[in-house]
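*Asks:* Handing you this structure, nothing more for now.
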Amino acid sequence: MLRMLHSGADSPIVKWIWTQFWCRFQMFLNTALVVLTDLAARLLGNKLFRQHFHLLLSAALVFGPALSFWVSQHSIFARRSHFLYRLFLRSGWGWTCVFVGSFVFLLSYSIRRSLLLSLRHLSRLAVAGGLWLCFCKLLDLLENTTGSCYESLHTGPEAPDGQPLLILREGESKSECLKAGMVWRGYEVSEDVFLLCLCCLLLAEETAVFGPYLSLGGASDAPLRMLFLFCVLLLGLWIFLLLCLLAYFPQFPTQLLGGALGCLSWRGLYQGWYRMGPSWYCPGRPGQGLLNKKPSSTEAEDALSHNHYN
């Protein structure tokens, strides 16, 4: 019986059926990938989306804390130990660099085959990363300078809001205060919201070039489309995590300041410095200088260099 089954599996008819099934399945996956990436590229490259995406983020920052009245504090997203926060939020810049950097490098290198041009476009991520690190250092310095250490009285009278009373402990640094199990109160700006807003705006800028690239008839193989789709999924994840932070951990002043700092960083880079054009001191805008060999596609090239969207 086993020999008959084995011989049947090795028969030409079974092999032909399996080959046809596998080919149809690959065609289905390829078609689904093309349709999804085309729709996403059309959305991210749309003029209205490009002009108003930062306004949508600003509205989410202002009205997002109101979601705390409708969400349940018993949800799995109401715990900071959730794997999404641990896996993605703590290393958000790393995830963004990996996927956006791979997409930018593959797109630019597949068009021009120039390593220097690809590195020039990748330098935008290095600039944004350096700016993020500098701001994190400054925010940490601000919190250390303006903060004070307090010891919580778990036993005894409570404050009017129901929280235990805090006793000021002078002469303590932030690190010493936290190691001793006490509370440090200072002027805070949410670094998580700052990072998420900056990553969302950066992703929207860097991936918006794919729509004009496809409209110009650029070659788009499966690896490039998959990287673009991963970037779109990452953008959706950052927006979801941002809404979770605003809804489950509302801290209106600090989160609003963090989001404002992220939006100002994006505006200073992509709407300010990068508009000066590519040079030794400026990497230029996303897509600039990639498809300027076609003399009859001036309007499409303007769209690729983001003149059409801004």
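The values are calculated or read from the model by the stated rules, or taken from the named source; none is laboratory data. Not measured: the values here are computed from a predicted model. Counting neighbours? That spans all protein chains shown, and the Cβs are built from the backbone with ideal geometry, glycine included.
*Asks:* Just the residues that are closer than 14 Å to HIS82 by Cβ and in contact (Cβ under 8 Å) with a residue 12 or more places away in the chain, please, taken from the range 224-242.
*Replies:* First, the residues of the range 224-242 that are closer than 14 Å to HIS82 by Cβ: 237, 240-241.
LEU237, LEU241 - these are the residues of the range 224-242 that are closer than 14 Å to HIS82 by Cβ and in contact (Cβ under 8 Å) with a residue 12 or more places away in the chain.
*Asks:* If CYS177 satisfies all but one of (1) modelled with pLDDT of 80 or more; (2) under 23 Å from PHE99 (Cβ atoms); (3) surrounded by 14 or more Cβ atoms within 10 Å (Cβ to Cβ), what's the number of the condition it fails?
*Replies:* Unmet for CYS177, out of (1) modelled with pLDDT of 80 or more; (2) under 23 Å from PHE99 (Cβ atoms); (3) surrounded by 14 or more Cβ atoms within 10 Å (Cβ to Cβ): (2).
*Asks:* Taking the options TYR274, TYR309, name whichever one is over 29 Å from TRP70 (Cβ atoms) and at pLDDT 90 or above.
*Replies:* Details: TYR309 fails: at pLDDT 90 or above.
Only one candidate qualifies: TYR274.
*Asks:* In the range 243-271, how many are part of a helix (DSSP H, G or I), more than 20 Å from GLN51 (Cβ to Cβ) and touching a residue at least 40 places away in the same chain (Cβ under 8 Å)?
*Replies:* Narrowing the range 243-271 to residues part of a helix (DSSP H, G or I): 243-248, 252-270.
Filter once more, keeping what is more than 20 Å from GLN51 (Cβ to Cβ): 243-248, 252-258, 261.
So of that shortlist, the ones also touching a residue at least 40 places away in the same chain (Cβ under 8 Å) come out as 243-248, 252, 254-258, 261.
Total meeting the criteria: 13.
*Asks:* Considering only the range 179-202, state which residues are in a loop (DSSP other than H, G, I, E, B) and free of Cβ contacts under 8 Å to residues at least 60 places away in the same chain. If you could, list the steps in order and put the result at the bottom.
*Replies:* Going residue by residue through the range 179-202, those that are in a loop (DSSP other than H, G, I, E, B) are 180-182, 186-190.
Residues satisfying the conditions are ALA180, GLY181, MET182, GLY186, TYR187.
*Asks:* Follow-up. Please go through the range 77-107 and pick out each residue that is among the aliphatic types (A, V, I, L, M), more than 13 Å from the chain's Cα centre (by Cα) and under 30 Å from ALA219 (Cβ atoms). Before you say what the answer is, go through the steps one by one.
*Replies:* Of the residues in the range 77-107, the ones among the aliphatic types (A, V, I, L, M) are 78, 84, 87, 89, 98, 100, 104, 106-107.
Now drop any that are not more than 13 Å from the chain's Cα centre (by Cα), which leaves 78, 84, 87, 104, 106-107.
Passing the criteria: VAL104, LEU106, LEU107.
*Asks:* Next up: Only residues that are surrounded by 14 or more Cβ atoms within 10 Å (Cβ to Cβ) and basic (Lys, Arg): list them for the range 33-64, please.
*Replies:* Correct list: ARG42, ARG50.
*Asks:* Do you know which of the residues in the range 109-156 that are hydroxyl-bearing (Ser, Thr, Tyr) and not in a helix (DSSP H, G or I) is surrounded by the fewest Cβ atoms within 10 Å (Cβ to Cβ)?
*Replies:* So, considering only residues that are hydroxyl-bearing (Ser, Thr, Tyr) and not in a helix (DSSP H, G or I), the one surrounded by the fewest Cβ atoms within 10 Å (Cβ to Cβ) is THR155.
*Asks:* Being under 23 Å from LEU202 (Cβ atoms) and part of a loop (DSSP other than H, G, I, E, B) is the filter here, so list the residues in the range 69-108 that pass it.
*Replies:* Kept after step one, since they are under 23 Å from LEU202 (Cβ atoms), are these residues of the range 69-108: 84-108.
Those that are under 23 Å from LEU202 (Cβ atoms) and part of a loop (DSSP other than H, G, I, E, B): ARG90, SER91.
*Asks:* Looking only at the range 97-153, which residues are small (Gly, Ala, Ser), in contact with a Lys or Arg (Cβ under 9 Å, 6 or more places away or on another chain) and more than 24 Å from CYS282 (Cβ to Cβ)?
*Replies:* Scanning the range 97-153 gives GLY147, SER148.
*Asks:* Being at pLDDT below 95, crowded, with 19+ Cβ neighbours inside 10 Å and either under 30 Å from TYR85 (Cα atoms) or among the basic types (Lys, Arg) (or both) is true for just one of GLN251, GLN255. Which residue is that? Reasoning before the result, please.
*Replies:* Values: GLN251 fails: crowded, with 19+ Cβ neighbours inside 10 Å.
Unique residue meeting the criteria: GLN255.
*Asks:* Exactly one of (1) modelled with pLDDT of 80 or more; (2) under 25 Å from LEU245 (Cβ atoms); (3) in contact with a helix residue (DSSP H, G or I) (Cβ under 6 Å, 6 or more places away or on another chain) is unmet by CYS149. Its number?
*Replies:* (2)
*Asks:* Just need a number here: residues in the range 65-108 that are surrounded by 17 or more Cβ atoms within 10 Å (Cβ to Cβ) and β-branched (Val, Ile, Thr).
*Replies:* Qualifying residue count for the region: 3.
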